[in-house]
1. Is it the case that Y123 is open to solvent by 70 Å² or more (accessible area, probe 1.4 Å) and more than 37 Å from the chain's Cα centre (by Cα)?
2. Criterion first (free of Cβ contacts under 8 Å to residues at least 40 places away in the same chain and more than 49 Å from the chain's Cα centre (by Cα)) does P11 satisfy it?
3. Between R82, R116, which is part of a helix (DSSP H, G or I) and either in contact with a Leu (Cβ under 9 Å, 6 or more places away or on another chain) or more than 30 Å from S37 (Cα to Cα) (or both)?
4. For the range 166-190, what are the residues that are more than 12 Å from L87 (Cβ to Cβ) and among the small types (G, A, S)?
5. For the range 61-79, give me the residue count where each residue is in a helix (DSSP H, G or I) and open to solvent by less than 40 Å² (accessible area, probe 1.4 Å).
6. Can you find a residue in the range 47-54 that is part of a helix (DSSP H, G or I), closer than 27 Å to W99 by Cβ and not aliphatic (A, V, I, L, M)?
7. Within the range 1-60, count every residue that is of a type in the set (A, V, I, L, M, F, W, C) and open to solvent by 80 Å² or more (accessible area, probe 1.4 Å).
8. Give me a count of the residues in the range 151-165 that are free of Cβ contacts under 8 Å to residues at least 60 places away in the same chain, within 15 Å of S85 (Cβ to Cβ) and either open to solvent by less than 30 Å² (accessible area, probe 1.4 Å) or not small (G, A, S) (or both).
Amino acid sequence: KSQALPFTNAPLTLDGSMAGDVGFDPLGFAKTQMDLSTYREAEVKHARLAMLAAAGWPLSELWDKKIASLFGLPGVLDEAGRVPSVLNGGMDRISPFYWGACLILAAAVDFYGLNRASSVKGYIPGDLGFDPFGLYPKDDKGKKWMQAAEIKNGRIAMIAITAFAFQEFASHVAIIDEVPFLFKPFWATLADNAPSTYVIPPTVYEAPPIFELSAPMSSSFTEPVVDAITSAVTPSIDAAASSPAAEAVTTMSSTMDAVSSATTTTGEAATSVIIPPPAAEGSDELIEAKKRIVELEAKLAAVGVSP
């Protein structure tokens, strides 16, 4: 039974002798052992390149500007901070000498691997004999564990680098900005995502006052005005009260109300104007009152009280 697909049988060539063999070949590519070795060689090469790319992709987005400024070169990231790729574009910003160097290096490594595969007895696909730190185990169990760890991490890296390319193409956001907590220190991530505590209060519109006095009125100014109004109106009120004309009494009451209102508002805003009511025909007392009111208006105008 296949470990990857328990409901199917594993191909005969996938007998579990290779590291990372879980019986997954649903399309039946590995028909012979030679085919299996060829595909494993290609898988290991792509896995190693994918692991380098999965690390180099976010690191280039983090350090491209710093390294470019250090050597006085222009950066190759786009406006969103994304690396050049086939989907992102910007491949023309990479120097042709770099592409030439990569091609020469890849050809040299591949040529060395082909010679080693044909000359080393018991050659394992992907074994280039490169172990500068001496980390490769000496026993068979340790070797198989190391090979399985490499191929598993490589498979994850191949999925990751494909996801990087399509994610940046679809979202137009750099990988390091999509998941910053994976590529930046946690304090920098917290500082970037911390909400601003300073709020600018909105401007409150204040309507200008309708009436505005040039200077406050003192009691020494308002008291003579009030006395003048009282002395001028009182005789008119007495004369109107003795008149038998009911219309004159009603008209005088309106006059009293207007004068009282003017007296009250004079101390506060000095803006009211007393408008004399029409006098009843044939009433001498009301005519006299009208004259006194006109005199009162002249006095108010003389002391500077105006609407």
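1. Numbers: open to solvent by 70 Å² or more (accessible area, probe 1.4 Å): no; more than 37 Å from the chain's Cα centre (by Cα): yes.
Judged against the criteria, Y123 is not a match.
2. Details: free of Cβ contacts under 8 Å to residues at least 40 places away in the same chain: yes; more than 49 Å from the chain's Cα centre (by Cα): yes.
It is true that P11 is free of Cβ contacts under 8 Å to residues at least 40 places away in the same chain and more than 49 Å from the chain's Cα centre (by Cα).
3. R116
4. A174, A188
5. Count: 3.
6. yes
7. 8
8. Residues in the range 151-165 being free of Cβ contacts under 8 Å to residues at least 60 places away in the same chain, within 15 Å of S85 (Cβ to Cβ) and either open to solvent by less than 30 Å² (accessible area, probe 1.4 Å) or not small (G, A, S) (or both): 1 in total.
The values are calculated or read from the model by the stated rules, or taken from the named source; none is laboratory data. No experiment lies behind these values; they were computed from the predicted model shown. Virtual Cβ from ideal backbone geometry, glycine too; neighbours counted across all protein chains shown. Ligands, DNA and RNA are excluded from the accessible area calculation, which covers all protein heavy atoms including side chains. Shrake-Rupley method; radii C 1.70, N 1.55, O 1.52, S 1.80 Å.
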